[in-house]
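The block underneath contains the structure these notes are about, expressed in structure tokens.
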Amino acid sequence: MQIDDNIHLAYSTNIHRGNSWEETFAALRDYTMQVREEVCPGDQAFGIGLRLSNEASLELMDRERLAEFRRWLEANHCYVFTINGFPYGNFHGNRVKEQVYAPDWQSKERLDYTKRLFDILAELLPAGIEGSVSTLPCSFRSFISDPSQVAAIKTNLIECATYIEERSDAHGCDLHLGLEPEPFGYLETTPETVAFFADLGAAAPDRGLIQRRIGVNYDTCHMAIQFETAGASLAELVANQIRISKVHLSSALSVSPTEAARQALRAFVDSVYLHQVVGRDPSGALTRWEDLDQALDAPGGASADDEWRIHFHVPLYAEPEKLMGTTVAHLEETLDFLAQHPSVCSHYEFETYTWEVLPAHLRTESVVEQLVGEYKWCFDAFAKRGVSLP
């Protein structure tokens, strides 16, 4: 939903199960409309952060089905301005882990899927509004072992940027792709991201093409886990002319890894998602584990003077507990920076997709209840920074 002249806010529908278009649309009808009634009543347009799997995107390319969805959006005063194109296949219920990165940007499958998302978005996007798609940080780090793989990634991204430019020109709109750095992705940190974009721009026939059509999806959970400072990170991206395509408003777990805290963290281990951990000792040295169970089972334990940050999205409104807190401060710092630089980004999305695997004490009775609470948190956060609400 548009909450001032420049900001569009949505939740990502990747929180709901749905691999086929029928399942995806059922979630929109059964859950998204309930959320809309609670936070955006009346005729005000409600923005949707649409998640489409590869299967759903193929089905939605049917002209009549897409026209029918467009009519549904109009009838319900809704609009799609952003698509989550990170998970290619099923994202709930079964093991996802590192396979969420497959197929990666080495592959034609990832390229074709992303092009298709832009075809759909260009048809759905209202006039005068930018359109964004978020995607993985090129690959999973352990998938890459040879420079030729990185070259293939750059070739496919340049082809995608060219395609996005053509779609933008054909539809008279501004479309852009956001690579989403995260722990153990091929792009993890801001310096790595800046270096990659410098190489990508140099490889493209027109450096401006990359600056216009490919940027960063800045996830506040991911960057907090890296112990980065939000203002410095965002300023570095902007200084290097890297577009902030979208901001994911999200919060991770933060703990001092005492024995009691480590025992409490066992409740957050699950078989579906990857929960990367970055630990920092008092000297500032970082230790990384690919998944939470690896950190908990690591020999030698951990010092209570350390801090662990865990890639487990918790509700934005979650209060600190006795044994663990959250990285919401990084999120607040991000909003502070963007309030001072409002032209940097206009797309905001929250995506606490972990609702099904949250420990009982953090999980609401319904997913709608959680989403409404997160909208209210966002409204309050924007209002504190002088952003006028509808």
Inside the range 244-256, can you point out the residues that are out of contact with any Lys or Arg (no Cβ under 6 Å at 6 or more places or on another chain) and either hydrophobic (A, V, I, L, M, F, W, C) or surrounded by fewer than 24 Cβ atoms within 10 Å (Cβ to Cβ) (or both)?
ILE244, VAL247, LEU249, LEU253, VAL255, SER256
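Would you list the strands (runs of 3 or more DSSP E) that sit entirely within the range 216-321 and hold 1 or more residues that are without any contact (Cβ under 8 Å) to a residue 60 or more places away in the chain and over 21 Å from the mean Cα position of the chain (by Cα)?
Counting at least 1 such residues, we get 277-280, 286-289, 307-314.
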Given the conditions (1) farther than 25 Å from PHE184 by Cβ; (2) in contact (Cβ under 8 Å) with a residue 40 or more places away in the chain, and given that ASP112 satisfies all but one, which numbered condition is not satisfied?
(2)
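Which one of these is within 26 Å of SER233 (Cα to Cα) and assigned to a helix (DSSP H, G or I): LEU73, LEU157, LEU111? Break it down stepwise before answering.
On the way: LEU73 fails: within 26 Å of SER233 (Cα to Cα); LEU111 fails: within 26 Å of SER233 (Cα to Cα).
Matching residue, one of LEU73, LEU157, LEU111: LEU157.
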Filtered residue count, the range 337-375, keeping only those that are over 21 Å from HIS92 (Cβ atoms) and under 19 Å from the mean Cα position of the chain (by Cα):
8
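If you go through the range 348-367 one residue at a time, how many are closer than 26 Å to LEU177 by Cβ and either part of a helix (DSSP H, G or I) or modelled with pLDDT of 95 or more (or both)? Lay out the reasoning, then the answer.
Initially, the range 348-367 is screened for residues closer than 26 Å to LEU177 by Cβ, giving 348-354.
Filter again for either part of a helix (DSSP H, G or I) or modelled with pLDDT of 95 or more (or both), leaving 348-350, 353-354.
Here the count works out to 5.
Can you name the residue in the range 126-135 that is crowded, with 24+ Cβ neighbours inside 10 Å and over 17 Å from ILE158 (Cβ atoms) and, of all such residues, is nearest to the chain's Cα centre (by Cα)? Lay out the reasoning, then the answer.
Applying the first criterion (crowded, with 24+ Cβ neighbours inside 10 Å) to the range 126-135 yields 131-135.
Next, only the ones that are over 17 Å from ILE158 (Cβ atoms) stay: 131-132, 134.
Working: GLY131: 15, SER132: 11, SER134: 7 Å.
The selected residue is SER134.
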So which residues in the range 11-63 are more than 20 Å from HIS347 (Cα to Cα), of a type in the set (Gly, Ala, Ser) and modelled with pLDDT of 95 or more, if there are any at all?
SER20, ALA26, ALA27, SER53, ALA56, SER57
Please enumerate the residues belonging to the range 212-243 that are buried (at least 22 other Cβ atoms within 10 Å of the Cβ) and closer than 19 Å to ALA161 by Cα.
ARG213, ILE214, GLY215, VAL216, ASN217, TYR218, ILE242
Here are the criteria: (1) more than 30 Å from ALA202 (Cβ to Cβ); (2) touching a Leu at 6+ places or on another chain (Cβ under 7 Å); (3) in a loop (DSSP other than H, G, I, E, B); (4) in contact (Cβ under 8 Å) with a residue 40 or more places away in the chain. Tell me which single one CYS345 does not satisfy.
(1)
GLU307 vs. criteria out of contact with any helix residue (DSSP H, G or I) (no Cβ under 9 Å at 6 or more places or on another chain) and more than 18 Å from HIS248 (Cβ to Cβ):
yes
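Any residue at all in the range 259-280 that is in contact with a Cys (Cβ under 7 Å, 6 or more places away or on another chain) and surrounded by 20 or more Cβ atoms within 10 Å (Cβ to Cβ)? First the steps, then the outcome.
Filtering the range 259-280 for residues in contact with a Cys (Cβ under 7 Å, 6 or more places away or on another chain) gives none.
No: the range 259-280 contains no residue that is in contact with a Cys (Cβ under 7 Å, 6 or more places away or on another chain) and surrounded by 20 or more Cβ atoms within 10 Å (Cβ to Cβ).
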Enumeration of residues in the range 30-53 that are of a type in the set (Ser, Thr, Tyr) and either loosely packed, with under 14 Cβ neighbours inside 10 Å or assigned to a loop (DSSP other than H, G, I, E, B) (or both):
SER53
Write out, first by first residue and then by second, each pair whose Cβ atoms fall under 6 Å of each other, whose residues are 6+ apart or on separate chains, and whose first residue, in the range 84-100, is in contact (Cβ under 8 Å) with a residue 40 or more places away in the chain and more than 17 Å from LEU117 (Cα to Cα) while the second is aromatic (Phe, Trp, Tyr) and surrounded by 18 or more Cβ atoms within 10 Å (Cβ to Cβ).
VAL96/TYR273; GLU98/PHE140
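Can you tell me which of ALA56, ALA27 is part of a helix (DSSP H, G or I), under 15 Å from TYR11 (Cβ atoms), among the aliphatic types (A, V, I, L, M) and within 20 Å of the chain's Cα centre (by Cα)? Let's see the steps before the verdict.
On the way: ALA56 fails: under 15 Å from TYR11 (Cβ atoms).
Going through ALA56, ALA27 in turn, just one is part of a helix (DSSP H, G or I), under 15 Å from TYR11 (Cβ atoms), among the aliphatic types (A, V, I, L, M) and within 20 Å of the chain's Cα centre (by Cα): ALA27.
Which members of the range 173-215 meet the condition of being in a strand (DSSP E or B) and of a type outside the set (Gly, Ala, Ser)? Even if it seems obvious, please write down each step before you answer.
First pass over the range 173-215, keeping only residues in a strand (DSSP E or B): 175-179, 185, 214-215.
Answer for the range 173-215, where residues must be in a strand (DSSP E or B) and of a type outside the set (Gly, Ala, Ser): LEU175, HIS176, LEU177, LEU179, ILE214.
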What tally of residues in the range 10-27 results from selecting those that are hydrophobic (A, V, I, L, M, F, W, C) and surrounded by fewer than 22 Cβ atoms within 10 Å (Cβ to Cβ)?
4
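Can you name the residue in the range 367-383 that is aromatic (Phe, Trp, Tyr) and out of contact with any Cys (no Cβ under 9 Å at 6 or more places or on another chain) and, of all such residues, is farthest from HIS341 (Cα to Cα)? Before the answer, list the steps.
Pass one, the range 367-383, residues aromatic (Phe, Trp, Tyr): 375, 377, 379, 382.
Next, from what is left, pick out any that are out of contact with any Cys (no Cβ under 9 Å at 6 or more places or on another chain): 377, 379, 382.
Values: TRP377: 21, PHE379: 18, PHE382: 14 Å.
For the range 367-383, the residue satisfying everything is TRP377.
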Restricting attention to the range 67-112, and to residues there that are surrounded by fewer than 23 Cβ atoms within 10 Å (Cβ to Cβ) and touching a Pro at 6+ places or on another chain (Cβ under 8 Å), which single residue is nearest to ASP169 (Cα to Cα)?
TYR79
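The values are calculated or read from the model by the stated rules, or taken from the named source; none is laboratory data. Not measured: the values here are computed from a predicted model. So basically every Cβ, Gly included, is an ideal-geometry build from the backbone, and we count neighbours across all protein chains shown.
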